[in-house]
Every structure is written in structure tokens, then in C-alpha cells.
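One structure is given below, encoded as C-alpha cells.
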Amino acid sequence: MKYIVTLFTLLVCFLSTAFAGDDTPTVLSNSEAIGLVQTHADYVWTLVCAVLVFFMQAGFAMVEAGFTRAKNAINIMMKNLMDFSMGSIVYWAVGFGLMFGVSKTGFFGTTGFFLSDFKVGGDPWVLAFWMFQVVFAATAATIVSGAMAERTKFIGYLLYSVCITGLIYPIFGSWAWGSLFHGSGWLEGLGFIDFAGSTVVHSVGGWAALAGAMVLGPRLGKYTATGAVKPILGHNIPLAALGVFILWVGWFGFNPGSTTAANTDIAMIFVNTNLAAAAGCIVAMFVSWFKFGKPEVGMSLNGALAGLVGITAGCANVTPSSAIIIGSVAGALVVFSVLFFDKIRIDDPVGAISVHGVCGAWGTLGAGIFNIGGTSLKIIGVQVIGIGACFVWTFACAFAIFKLIDMTIGLRVSKEEELEGLDATEHGGNAYPDFTTINHSSMGYTGGGSGEFAGAPASYTSKKLASDH
């Protein structure tokens, strides 16, 4: 019986070996399997991060709506909605090709339009990469919305949104990031450091916002005849704060996701991103406390965003200690920058120019100064060239586009439309239909709001009618 069992066991082993064929694991097959797992992980990581960056659209919409008046809330939501919707189509058709197509000059791509790089049955990485890049393009466009809030014609804004996602952002992006796919930009060839877009995304949005605010002019009642600033309060600060928290979360996709690879590099990027945001928030709070006598909530919220924008360029090439320094400087810088633009009568309701334009430039410079591998005048010089090139290209193009729109279809709504609110005049809606609209100021401002007007007659406050400051 023992011999029969032994013979049967040998037979089973022989047959197993015979029919196993090429399925027997080898060093090569194991290596290929591991590589396949890594590839799948890279796809999942990149697309999950794309979702996080897309969620930032909700954050931007909430910040802008909260920092402005209730009578314009629908208009703000529509602008943010269409930034992404129209931006997606334009970036698919034109923007992606200009940014990442084959480039013989280093200035813009000439292939890949309409996602023509994708072939059925071919490598689908272009789809994942496009999805991650389109949410960045939409971010650059939506930054502008806040600086132009409460006085811009909707049709004029839509035309601009198409231009930034289809032309302004992609061309500068090709200079700095073209080699991430098929391109080759002249700026990255110099050694320009901007890992996730302090300049490529945020300064592009910020300088375009500056151009738009300058062409539009300030909101009615923002400045007196003598140049004094009259604050126009936002109607829902808790909504704005929620938006900042959402943006903070989204940045954990924005910065670490820029690896487009599921690897150990993301750990330091996560830490740097968080530390810079926290430092920016704390410093902005204390600076505003010193300046105004109270810890101001708007400045504190913008301080967190300033820290996030500041670390975006150097999140992968500076230490956590350096990230705190970069975020701290950004937190102080944003307060003084907001005050500066108000002083020169450039009306930016949400501080977008300061947060994204100014702090984006600082963060790009900081990436060179605090480079983990050491710094030099050459490295810093290249960073300065990139910052300057971004300003010249973006501001010049955006200013020309806004001026052209203004001279043709018009960029700014009429005085009457601005006073009534863009929700009613541009969209025929009311974001808060249960609120009662009253007119209580010398400028005739009307619209819904969230608090009581201290100067209103007692009959108003006793009925708790909402006011719009």
C-alpha cells in the first residue's frame, strides 16, 4: 500500500509540472506582475487625486459666495459651474494639445488636440493624465472669478473662461511642464522649479484676476471720493470658512497627486502641504490681530490659502521646516498685499490677487531659496525668470482679452443691475427666496443677507428682516 501511495504522489507531481507550462513563476514573470500592480496603483492614485482637485471647485465657490453679498450668490455658483464645464471641453479640444503636445520651439505644443493621442486598444495613460490636468486648468480659471465678483457680465466672463483654459494657461504650462507628456518647454529647460503650480496654476489665475479687476474697476460704494475704503461685508462667513476647509482637503490631491505615481514621495509632500497651510493661517491671524486689534477671520482664512499656494511649488523639494517658513511668510504677505491693493483702489472681493498671484510668486521663489539639494544664484535667477515670464504673458494677454470684451459686448453690468444684484438681473433667480429684500443704504444696495442692519428702523429689526451690507 505504501508503494502505491508513493507512486500516486509522484504521478500527481509529474502531471502538475507537465501541465503547468509557462505558468510557473519566474523572476521575470514576478517582476512583470509587480510592475502591473504599480501601474494600476499609479492610475488609481492619479484619478483619486483628480477627484480631490475637482472638489476644490466647490471650495472656491463657497469661499467666493461667502465673502460676497447674498444678491450675487447664484451668479457666483454659475460662474464656478461653467468654469469647469466649458473649461473641460475647451481643454479637451485645444488646451491639452497646446500644453503637452509635441513642441519643436519650446513655446507650445502642436499635437494631441481633441485627445487624438488616445487610440482604442492603445495605452490609456493619456486619459488619466488628461483628467488630472483638466482639473488644474479649471482651477486657474476659477481663481479669476472672485476678483471680478459682483459686477461682471455673465457672457463676458464665459468668453474669458474659454480663453484662459484654451490659451493663456496651456501655453505658459507648456513652458514649465511640457515634458511631463510629449512637450518640451523652454522654461523647464532652464531648470525652473514649480512642482505643483504655485506659478503655473495660481499666479496665472492671480495675474489674470489683477487684469480683470483693473479693467472692471471697483464695485459701487467700495471707495469714497477721497479714496477711503468702505468695507463691503460678505454675507456668509461660515460658508466661506467651509470653502477654505474643502480647499485644504483638495490640496492633498493637488500637491501629492502631482507625482502621478503611488510611491513614497507623497509622504513628505503631504506633511509640507499641511505645515505650510497651518503656519500661514496662524501668522495671518496674528498679523491681522496686531493691525486691526482683533484676530480677523477673513485674513486668517486667506492666510491658510496663502500658505497652501506658497508651498505648491516647492512641496517636493523643501524640508518640513522650510515649508513652515514658506507658509509663514505667505501668511504675513497676504495681509499686507490685500491692504496694498485696497490702497491703490483695486477692488478684489475675496483677495484672489494676493492669495494666488502674490503668494504664488513668493512660493516659487521660496522653492529655489529653500531647495533641499542646495541653492545658488543660478537657481534663484531661473525662478525669477519664471515668475517674470508668467506675469508678462498672463497679465498682457488677460488685459488685452478683457479690454476687447469690454469694447465689444461689454464686461461690466450697468449701475442699476449691480445695485439690484446679478442673481436677479443676469439669472432671474434669488438664492435666498425666504429672505426679505430691503434698501437701507445711501447707495441703494438691495438684496438678501444674513444679519440684522443695526441702523435700520426698529420695525425692521423686530421683524428680523435680512439685510445686505
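Taking the chain as the reference, fit the longest principal axis to its C-alpha atoms, fit the long axis of helix 125-147 to the helix C-alpha atoms, and give the angle between the two in degrees, 0 to 90, nearest 10. Compared with the principal axis, the helix lies near 10 degrees. Apolar share of the accessible surface for the chain: 72 percent from carbon plus sulfur atoms, 1.4 Å probe. Placing Trp45, Trp186, Trp175 in order of accessible area, with the largest value first and a 1.4 Å probe, yields Trp186, Trp45, Trp175. A Förster distance of 45 Å, applied to the separation of the beta-carbon atoms of Thr224 and Leu115, puts the FRET efficiency at 0.30.
Over region 248-357, accessible surface divided per residue gives 35 Å², non-protein components excluded, 1.4 Å probe.
Axis angle, to the nearest 10 degrees, between helix 27-67 and the longest C-alpha principal axis of the chain: 10 degrees. Using heavy atoms of the protein chains and a probe of 1.4 Å, the accessible area assigned to Lys415 is about 110 Å².
With everything on Cα atoms, drop me the angle between helix 2-20 and the longest principal axis of the chain, reported from 0 to 90° to the nearest 10. On a 0 to 90 degree scale, this one is about 50. Gain on full extension, evaluated as 0.36 nm per residue between Leu47 and Ile372 minus their Cα-Cα distance, stands at 114.1 nm.
For region 108-157, the per residue solvent-accessible surface stands at 33 Å², with DNA, RNA and ligands left out and a 1.4 Å probe.
Between Glu416 and Ile344, how high is the FRET efficiency from 1/(1 + (r/R0)^6) when r is the Cβ-Cβ distance and R₀ = 30 Å? Nearest 0.05. That pair, Glu416 with Ile344, gives E of 0.60. Measuring nothing but how far apart in sequence close Cα pairs (under 8 Å, 6+ apart) lie, relative to its length, region 94-173 scores a relative contact order of 36 percent. Counting only DSSP H runs of at least 4 residues, each contributing -39500 (n - 2.57), and dividing by the residue count of the chain, the helix-based mean residue ellipticity at 222 nm comes to -20000 deg cm²/dmol.
The values are calculated or read from the model by the stated rules, or taken from the named source; none is laboratory data. The structure displayed is predicted, hence computed values, not measured ones. Neighbour counts are summed over all protein chains in view; Cβ atoms, including those assigned to glycine, are modelled from backbone coordinates with ideal geometry. These area figures cover heavy atoms from the full protein model, side chains too; ligands, DNA and RNA do not enter into them. Shrake-Rupley method; radii C 1.70, N 1.55, O 1.52, S 1.80 Å.
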